[in-house]
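Read through the structure below, which is laid out as structure tokens, and then see the notes.
Here, each number is a calculation from the coordinates, and none is a lab measurement. This is a predicted model, so every value here is computed, not measured. Neighbour counts are summed over all protein chains in view; Cβ atoms, including those assigned to glycine, are modelled from backbone coordinates with ideal geometry.
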Amino acid sequence: MSYSTAHSLLSTSVQHGITLRFTLENAGTEPSVVSKLQELGFAAEVDETRAIQWAALQEQLKSSVLLCLGILTSAAVLMCKSREVERKQYAEMYQMLELNGLSKDTIEGCFLLQIILLLLVPIFIGEARFNA
């Protein structure tokens, strides 16, 4: 509803001293809405609790994203180091696989596929829980 329509409806049909509460979808529009309502003769004020809650939620989201990036980076480093250990432990098996016709690229591709699957499974589990 436009400001002018609201003003005409409220000034003709509503008694003085009534309080109306509005919830705005865009958190950045409060100052302009308050000033426009005040121009029309309404006593308007902003409830800051929503803005504070929104800012806290934004900060929490940023922290969560940074934490997840740190965890994924750590996981990738650990997987690469474990790959080096695995190569030493299973050197004979890799030589046998190469002698049986598998190239080094194929063996490395299998390891890369293993890393991708290990990283994607927690993401899909988290997404399934979030959507449930």
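In units of the rule-of-thumb radius 2.2 N^0.38 Å, region 39-121 shows an alpha carbon radius of gyration of 2.18.
On the beta carbon distance between L120 and T29, with R0 = 35 Å, the FRET formula returns roughly 0.35.
How high is the FRET efficiency between V77 and L57 when r is their beta carbon distance and R₀ equals 30 Å, given to the nearest 0.05?
Working: r = 31 Å, r/R0 = 1.03.
After rounding, the FRET efficiency stands at 0.45.
Full extension of the chain between E48 and L113 gives 18.4 nm of extra length, using 0.36 nm per residue less the Cα-Cα distance.
Put a plus charge on the Cβ of each Lys and Arg, a minus charge on the Cβ of each Asp and Glu, and nothing anywhere else: the dipole of region 71-131 about its Cα centre is then about 200 debye.
Listed by chain and number, the lysines placed with their C-alpha closer than 29 angstrom to that of K104 are K81, K88; residues fewer than eight positions away on the same chain are left out. A crude spin-label estimate for the pair E84 and S64, with each label 7 Å from Cα along the Cβ direction, gives 3.5 nm. Annotation: the residues E98, E30, sorted from fewest to most other C-beta atoms within 10 Å of their own C-beta, follow the order E98, E30.
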